[in-house]
Structure formats: C-alpha cells, structure tokens
Amino acid sequence: MAPVPRLTLPDGTHVELPEGEPVGAVLAPDALAARVDGTLRDLSFVPAGDASVEPVAPGSDDALRILRHSTAHVLAQAVCRLQPGASYAIGPPIQDGFYYDFDLPVAIGEGDLPAIEAEMRTIVEDDQPFLREEVSREDAIARLEGQPFKREIIESIGSAEGEVATGDRVSLYRNDGWVDLCEGPHVPSTGRLGAFTLTSTAGAYWRGLETNPMLTRIYGSAWATQEDLEAHLSRLEEAEKRDHRRLGRELDLFSSPDELGPGLWIWHPRGGIFRKELEDWVRNLHVERGYDLIVTPHIARSVLWETSGHLEKYRENMYPPMEADTGDYYVKPMNCPFHVLVYKSQVRSYRDLPMRLSELGTIYRHEKAGTLHGLLRIRGGTQDDSHIICTPDQVIDEILAVFDLTLEIHRTFGFTDPVVELSTLPVAQSIVDADTAERATEALTLALEKSGLDYRVAEGEGAFYGPKVDFHFRDALGRLWQLTTVQCDFALPERFDMEYTGDDNQRHRPVMIHRAILGTLERFSAVLIEHYGGAFPLWLAPEQLRLVPVADRHVPNCEELAGTARASGLRVHVDETKETVGKKIRAAQLVKSPYVVVVGDRDLDAGTFTVRDRSGEEHQGVPFDRIVSTLAEEARTRALGQSAF
RNA sequence: GCCGGAGUAGCUCAGUGGCAGAGCAACCGCCUCGUAAGUGGUAGGUCAUGGGUUCGAAUCCCAUCUCCGGCUCCA
C-alpha cells in the first residue's frame, strides 16, 4: 500500500493528504489553484507522493493569469454556443485581460459583444467545473473534431523546441460538454469568475503570420474583483483623456487634414511655439555638448541611396522616386547619408575627430497604412538626429557621453529609470558582415557595462546597418515609450569609403555612431502631451499667463500689464471676450493655461493680484513684478511643478 | 497590406427611405460682472468622394479616400 502523501505548506508545516484527495482539500477555500513543487496545478490535482504545496491566492499575479485564461475559455464556450460552426484557435491571458481567436461562420463586430458577454454570464452563473483530462494525441484530435487550429496545435506540440507538453499525452479541459485543448491550470469552476468585460474585436492572423488566414480576435479584461475591473476601466478613461490626438485638437496644437495625406501633420501657432521652445533648447544643449549644427536637404539623387544601402534594404519604407531632369530623386527616410557627405567634404585628420554632426532633420517614411497612429507613428517627422564620427578608440567614450546626454534630457521632462535594451543585428537582412557586427555589438556592450546601466538584450532587433541601444522611459501613467536610440555603425563608413589620416600618417576608417535622443519631435511631443496630460511645464506652455479683466474698462490695464510681462519674455494672453469672469476662468482652465490673474478695481487699487494656478489654488496679494519674476524664473529653470509665490 | 468599425456644422453627437437637427464654439446685441459655463439673437452643411438602386437617398448597394481598434503577450 502506497504511503500517504505528506504535503509541505509555505509556512513549513506538514499535512497528510488522504489517498486520492486533491491538493485543494488542504488549502484555504479562496485558493484558485495550487503551486505543487513549483508547478502550477488545478486544485483537483492529486499528487503522486510527498510534495510542497502553495495556494495561488486571489489577487496574485499567478491567480490573475489563471483567472484571465479561464475567462478566455468561457468566452470561447459562449461564442461556440452562439455560433455552433465556430473554430477556436488560441486564447491566452494578456496584460490586463485576455483574448480568444476564432474563425467564425458569421462575421461579428463590436456590436455583438454584449450578447456574447451575456452568454458568458450565464455560463458563470451555471458554475460549471473545469474538468481536466489527459489523453493521447489521437484521442485529443478525435475529441476536437472539426477544429483545424486545435489539430494543428496538437500536431505541433513537442515537435518544436520549447513546446509546452512532451510525450504523447496532451491535456483537455471540459466544461458542460465544451472541450478545449489546454495546458491549464484553471480555476475550479466558472462561478469563480465574474469581474470581466469584453472590450473590442480585431483581426489577427493565425500565429501572427500575414500569409495565414485572418481570424477574429475578441479582447476582454478580467480582474480579481469588480473594484479592480472598474479601476482598470477608469485608467483607460484617464488615458483617453490624455490622448495626444484629442489634446492636440482641444489645445489647438496640430492637425492632419486629409489634403495633406496620411501620417503628415501641420503645427498650429500654439503647437509651433511649443516646438520652437523644445527645438531651441535641444539645439543649444547639443552645442554645449560639443556638437556642430548642420543643415541638409530633403531629397537626394538615387546614387546616394544606392551607396548607403537604403535602396537595397530600406526601399519599402521609402516614398517612390521623383523623376527630374538630372535623374531620379528620393525623399530622405534618414539623415545619415547627408551627414556622411558633410564629413567627406574635406580630407579629415584624426585631429578633426570626434566630429559630432547634428541637425533637426526632417525625414519621410512610407510606413504601412495600417500602422499610422496620430503623431506616434507618422510618415513625415523631424528627428534630433546626430552622427558622431570618431576613431575606434573614441567609440566607448562617445557612447558614454551620449548616454549621459540622454539621461540629462529625459530628466528635464521628469522621465527617470530608463529601461535599456541592446538589440543585436538582424542576421538575415543586414548589410554588415558578421565580424563587423560583432565589433559594433561589442562596443555597445562595453559602453553599457561601463555606464553601470541595467540592460537587457534583444536578439536580432537592430537596424539593418548595425546593432543599437534603445532607452525606454516610463510616463506619468506608467507606460513605457521607446524614445532614444544609439546605433554603432561600421558599415556606412565602409560603404562611403570614409577616411581620416592618423597620427601615423596612414589612412584609417572612422566609426559612425547614429543617435536620436528625442527620436522624432512629433512622436516625442505626443509622448510629452500624454505624459503631462496637456498641462505643460511653464517653459513649454504655449501660453504662460492669462489676464482676465473683470469688466471691459479693465482691458487697457490688462494690456499694460501684459506688456510688462512680455518684456520679460513671458507669453501672455489677455482675454478680451465679453463674458463673465467665471466663464473666462473656465476658458483658461480648458486650454490649460498655467496661471490666471483676474484684474479688477480691487487689484488695481491695492497694486497686488491674486494668481490662480492650474489646480485652482489662489495665491493672494502678489505684486505684479513678483508674478513676472517668479514665472520668468520658473520658465528659465524649466521647473516641472508650479510656483507657490 | 489584412480583419472589424466609423466618416452629418469648427468640436461632440442625434437623425435608419419623405423639408438637414441639437449642445458647445464663432459672430452681433444686452449685461459690466470677482475665480470652471449670465442672457437674447445671427450665421454656419456638396451629410467624406464618385457611381448605382428608387417617384424620392444622410439613410440601401458598389468603388475609392481618410480615420479608429487590432494583426503571437504563442495550447
């Protein structure tokens, strides 16, 4: 007779499990699953012998994943009830929720989601147990007859490396006669689910391959409690309020009229002043850091792009050529070839190096139509693009200096704690030989090690001409944005036959570092708008001070005060509309004007004013010259918070 | 590019085969006001574009353009 299994609980105590009893029998009733000897299992799992057992408590990350996965099953079951001929593919838990992919006899849209959700609720009310069975592959295929995707998965299991199951047996989960191939584990029964909602539908290729059939994906969100779900939904609402496309319109910053073409944007006066401030600052900072400013055109002959390799490797992202009297011209998708030409305009010596060539270069990329997204994914944009051309000995120090500048720039906006990623060369489509790629990767790795930054490696994610280091920063809502990219390039110097004379009087090949710290200004602006929710720090605010006359007769007083403030470099708006003070305050608040000063008899008599900031807080009795000097100082220091007076 | 949805006044939207609508914004008055919407009026439209069905189309059909949500976070 087999010995009774002895279970070790997380607190170190031991319990004996009566033979044939599942682990759930000894765990708290709120447990959703169990971790048995480190592996996630159903509560119904019966251990073969002694084991350590840990409950998967509600609210834990494991529990959330299981909950979401189980909810995905309920979704699939509901869809199959509503559309009996449906094939179901995969339905994993994801960030904040889950999805399931289907091939449906009848197409559905978002309007069909309430009906599906209602069906899901009845399944939850039924409190159907999730029953696990382990069967042979043949049996599994038989049980899932008419499910081509499941068949494909079953046949592929164990064949590719890293596949989940091994051996000939796979697991099925069944509730109420509906069967899915699934590794598990699941919650004990559907009654444990509930805090979920379906969010959207989408097309998704089977296994993500464009050559595969397009399936219908249904997305949902699921949480441990209704409160968590509601908190998530209000986070989405907050993100929507901060959407740069919406704020760009509301704050009158930019637009993309149809006549321009997709992915192209015009900046309005209020957006223009914001960009000017950003650009002036970033240019000056570069000059301070030893960069030289250059200017290059938007188009160039095809020969330039042949030499650079763009026509060979980057053509699909380039606008088609323009025919002209002197040959074919291409609009530039990158600035680097032009910077090479600046370098090559003279014979260079090691004394010229490092050369740090910088421009706000406007580029055009013919991005795939479906990938465009506001200012975040555009076809025309301006990069803070620089190329550092240096000797191999100087590479590491130059890269370190770029890292340093990167951190300084992002700190100015309140972005800290970057997530740093080293992307190695994409082997297949590179113009670089393995040896060169190795050298470039090594240089970046050495610089990263020396910088002390934590980083992770992404194999094969680099640019076609070289490996790169990317910096991602977290915004006010906790979202990560890839902003900075630093690329180490041994290929273009070769292709363009770039040279310098060394102190040995021999010719040498320089190294080129590509780097954009803000990325494109359009994209960066979008990130800033969402980060600040449109409430820019004073130095970037299109309007810095708004004066509100109490009555018409105070307009001249406001104009006079505005003149004083403007003389100190402040951007001031006087609200001359014939509205009530309350209405004018509201208008100022809606355009997120940082400071509002109401000007009436009381203030003019006293010679002091009440300053209202964005939070609505009022600072009383402030002389106007102090308002001006305080705001000027706030702008000068690029302060992130508002002044207290 | 592909799947699904959408396109009506500057903005947000109603209108589902029978005269093109509302709120906000704009403009013109009245009010001269004290920290988030005072009040009356006026103007504003090729209902994305082109074709079709119909006595009749914003509405139904087709095509095109544009926008929105997505297109492995792998049972």
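For segment A:285-313, taking the residues that are touching a helix residue (DSSP H, G or I) at 6+ places or on another chain (Cβ under 7 Å) and of a type in the set (Val, Ile, Thr), the one that is nearest to A:ILE409 (Cα to Cα) is identified as A:ILE294. Is it the case that some residue within segment A:173-180 is near RNA strand B (Cβ under 10 Å from one of its atoms) and touching a Phe, Trp or Tyr at 6+ places or on another chain (Cβ under 9 Å)? Within segment A:173-180 (the criterion being near RNA strand B (Cβ under 10 Å from one of its atoms) and touching a Phe, Trp or Tyr at 6+ places or on another chain (Cβ under 9 Å)), the answer is yes, since at least one residue qualifies. Given the condition in the same structural domain as A:TYR465 (by TED's automatic domain parsing), outside any loop (DSSP other than H, G, I, E, B), within 26 Å of the chain's Cα centre (by Cα) and closer than 30 Å to A:HIS410 by Cβ, answer yes or no: does some residue in segment A:314-329 qualify? Yes, some residue in segment A:314-329 is in the same structural domain as A:TYR465 (by TED's automatic domain parsing), outside any loop (DSSP other than H, G, I, E, B), within 26 Å of the chain's Cα centre (by Cα) and closer than 30 Å to A:HIS410 by Cβ.
Out of A:VAL187, A:VAL170, which single residue is buried (at least 18 other Cβ atoms within 10 Å of the Cβ) and within 8 Å of RNA strand B (Cβ to nearest atom)?
Details: A:VAL187 fails: within 8 Å of RNA strand B (Cβ to nearest atom).
Within the list A:VAL187, A:VAL170, the selection yields A:VAL170.
Does A:GLU359 count as modelled with pLDDT of 95 or more and part of a strand (DSSP E or B)? Can you show your working first?
Working: modelled with pLDDT of 95 or more: yes; part of a strand (DSSP E or B): yes.
Considered against the rule, which asks whether it is modelled with pLDDT of 95 or more and part of a strand (DSSP E or B), A:GLU359 comes out as yes.
Does segment A:267-280 contain any residue that is of a type in the set (Gly, Ala, Ser), at pLDDT 95 or above and in the same structural domain as A:SER525 (by TED's automatic domain parsing)? Give the derivation first.
Restricting attention to segment A:267-280, the residues satisfying the condition of being of a type in the set (Gly, Ala, Ser) are A:271-272.
Still in the running and at pLDDT 95 or above: A:271-272.
Among the residues that remain, those that are also in the same structural domain as A:SER525 (by TED's automatic domain parsing) are: A:271-272.
Checked segment A:267-280: at least one residue is of a type in the set (Gly, Ala, Ser), at pLDDT 95 or above and in the same structural domain as A:SER525 (by TED's automatic domain parsing).
Being in a loop (DSSP other than H, G, I, E, B), of a type outside the set (A, V, I, L, M, F, W, C) and modelled with pLDDT under 90 is the filter here; which residues of segment A:138-169 pass it? Hits for segment A:138-169 are A:GLU145, A:GLY146, A:GLY158, A:SER159, A:GLU161, A:GLY162, A:GLU163, A:THR166, A:GLY167, A:ASP168. Figure legend. Inter-residue proximity from segment A:282-300: first residues modelled with pLDDT of 95 or more, second residues part of a helix (DSSP H, G or I), beta-carbon distance below 6 Å, spacing 6+ or different chains. Indicated pairs: A:ARG289/A:LEU405; A:ILE294/A:VAL342; A:THR296/A:PHE338. Kindly establish whether A:GLN487 is outside any loop (DSSP other than H, G, I, E, B), farther than 19 Å from A:CYS390 by Cβ and in contact with a Gly (Cβ under 9 Å, 6 or more places away or on another chain). Against the criterion (outside any loop (DSSP other than H, G, I, E, B), farther than 19 Å from A:CYS390 by Cβ and in contact with a Gly (Cβ under 9 Å, 6 or more places away or on another chain)), A:GLN487 does not qualify. The set of residues in segment A:618-642 being of a type in the set (D, E, K, R) and either more than 9 Å from RNA strand B (Cβ to nearest atom) or modelled with pLDDT under 95 (or both) consists of A:ASP625, A:ARG626, A:GLU633, A:GLU634, A:ARG636, A:ARG638.
Can you confirm whether A:HIS268 is closer than 23 Å to A:GLY478 by Cα, surrounded by 13 or more Cβ atoms within 10 Å (Cβ to Cβ) and touching a Ser or Thr at 6+ places or on another chain (Cβ under 8 Å)? Considered against the rule, which asks whether it is closer than 23 Å to A:GLY478 by Cα, surrounded by 13 or more Cβ atoms within 10 Å (Cβ to Cβ) and touching a Ser or Thr at 6+ places or on another chain (Cβ under 8 Å), A:HIS268 comes out as no.
Selection within segment A:226-273: residues that are of a type in the set (S, T, N, Q) and under 23 Å from the mean Cα position of the chain (by Cα). The member of this set that is nearest to A:LEU372 (Cα to Cα) is A:SER256.
Taking segment A:214-238 as the range and being within 13 Å of RNA strand B (Cβ to nearest atom) and either exposed (fewer than 13 other Cβ atoms within 10 Å of the Cβ) or free of Cβ contacts under 8 Å to residues at least 24 places away in the same chain (or both) as the test, the residues that pass are A:MET214, A:LEU236. Answer yes or no: is there a residue in segment A:66-79 that is more than 30 Å from A:GLU16 (Cβ to Cβ), at pLDDT below 95 and among the hydroxyl-bearing types (Ser, Thr, Tyr). Within segment A:66-79, not a single residue is more than 30 Å from A:GLU16 (Cβ to Cβ), at pLDDT below 95 and among the hydroxyl-bearing types (Ser, Thr, Tyr).
Give me the residue from segment A:541-557 that is within 12 Å of RNA strand B (Cβ to nearest atom) and of a type outside the set (A, V, I, L, M) and, out of that set, surrounded by the most Cβ atoms within 10 Å (Cβ to Cβ). Walk me through how you get there before you give the answer.
In the first step, residues of segment A:541-557 are kept if they are within 12 Å of RNA strand B (Cβ to nearest atom); the result is A:546-555, A:557.
Restricting the remaining residues to those that are of a type outside the set (A, V, I, L, M) gives A:546, A:549, A:552-554, A:557.
Working: A:ARG546: 25, A:PRO549: 21, A:ASP552: 9, A:ARG553: 10, A:HIS554: 20, A:ASN557: 18.
The residue in question is A:ARG546.
Hey, any hits in segment A:250-258 for a residue that's surrounded by fewer than 17 Cβ atoms within 10 Å (Cβ to Cβ) and in contact (Cβ under 8 Å) with a residue 60 or more places away in the chain? Yes, segment A:250-258 contains at least one residue that is surrounded by fewer than 17 Cβ atoms within 10 Å (Cβ to Cβ) and in contact (Cβ under 8 Å) with a residue 60 or more places away in the chain. When residues of segment A:344-373 are filtered for being under 23 Å from the mean Cα position of the chain (by Cα) and free of Cβ contacts under 8 Å to residues at least 24 places away in the same chain, how many remain? The number of residues fulfilling the criteria is 4. Looking across segment A:379-401, the residues that are touching a Lys or Arg at 6+ places or on another chain (Cβ under 7 Å) and buried (at least 24 other Cβ atoms within 10 Å of the Cβ) come down to A:SER386, A:ILE388. Hey, could you check segment A:519-539 for residues that are of a type in the set (A, V, I, L, M, F, W, C) and surrounded by fewer than 20 Cβ atoms within 10 Å (Cβ to Cβ) and say which is farthest from RNA strand B (Cβ to nearest atom)? If we take residues in segment A:519-539 being of a type in the set (A, V, I, L, M, F, W, C) and surrounded by fewer than 20 Cβ atoms within 10 Å (Cβ to Cβ), then A:TRP539 is farthest from RNA strand B (Cβ to nearest atom).
Restricting to segment A:569-617, count the residues that are near RNA strand B (Cβ under 6 Å from one of its atoms), surrounded by 13 or more Cβ atoms within 10 Å (Cβ to Cβ) and either in contact (Cβ under 8 Å) with a residue 60 or more places away in the chain or within 21 Å of A:TRP539 (Cα to Cα) (or both). Count: 3. Only residues that are part of a loop (DSSP other than H, G, I, E, B) and more than 7 Å from RNA strand B (Cβ to nearest atom) were counted across segment A:92-107, and they come to 4.
Within the option set A:GLY38, A:GLY20, A:GLY24, being surrounded by fewer than 14 Cβ atoms within 10 Å (Cβ to Cβ) and within 16 Å of A:GLY184 (Cβ to Cβ) holds for one residue only, A:GLY38.
Regarding A:VAL611, is this residue assigned by TED's automatic domain parsing to the domain that holds A:HIS554 and over 25 Å from A:LEU253 (Cα atoms)?
Details: assigned by TED's automatic domain parsing to the domain that holds A:HIS554: yes; over 25 Å from A:LEU253 (Cα atoms): yes.
The answer is yes for A:VAL611.
The one condition from (1) more than 12 Å from RNA strand B (Cβ to nearest atom); (2) in contact with a strand residue (DSSP E or B) (Cβ under 8 Å, 6 or more places away or on another chain) that A:GLU119 does not meet is (2). The one condition from (1) touching a residue at least 60 places away in the same chain (Cβ under 8 Å); (2) surrounded by fewer than 17 Cβ atoms within 10 Å (Cβ to Cβ); (3) under 18 Å from A:GLY519 (Cα atoms) that A:PRO262 does not meet is (3). Of the numbered criteria (1) within 8 Å of RNA strand B (Cβ to nearest atom); (2) exposed (fewer than 14 other Cβ atoms within 10 Å of the Cβ); (3) over 30 Å from A:ASN335 (Cβ atoms); (4) in contact (Cβ under 8 Å) with a residue 24 or more places away in the chain, the one A:LEU209 fails is (4).
The values are calculated or read from the model by the stated rules, or taken from the named source; none is laboratory data. Given the structure is predicted, the values throughout are model-derived calculations rather than measurements. Here Cβ is always computed from backbone atoms with ideal geometry, including for glycine, and neighbour counts include all displayed protein chains.
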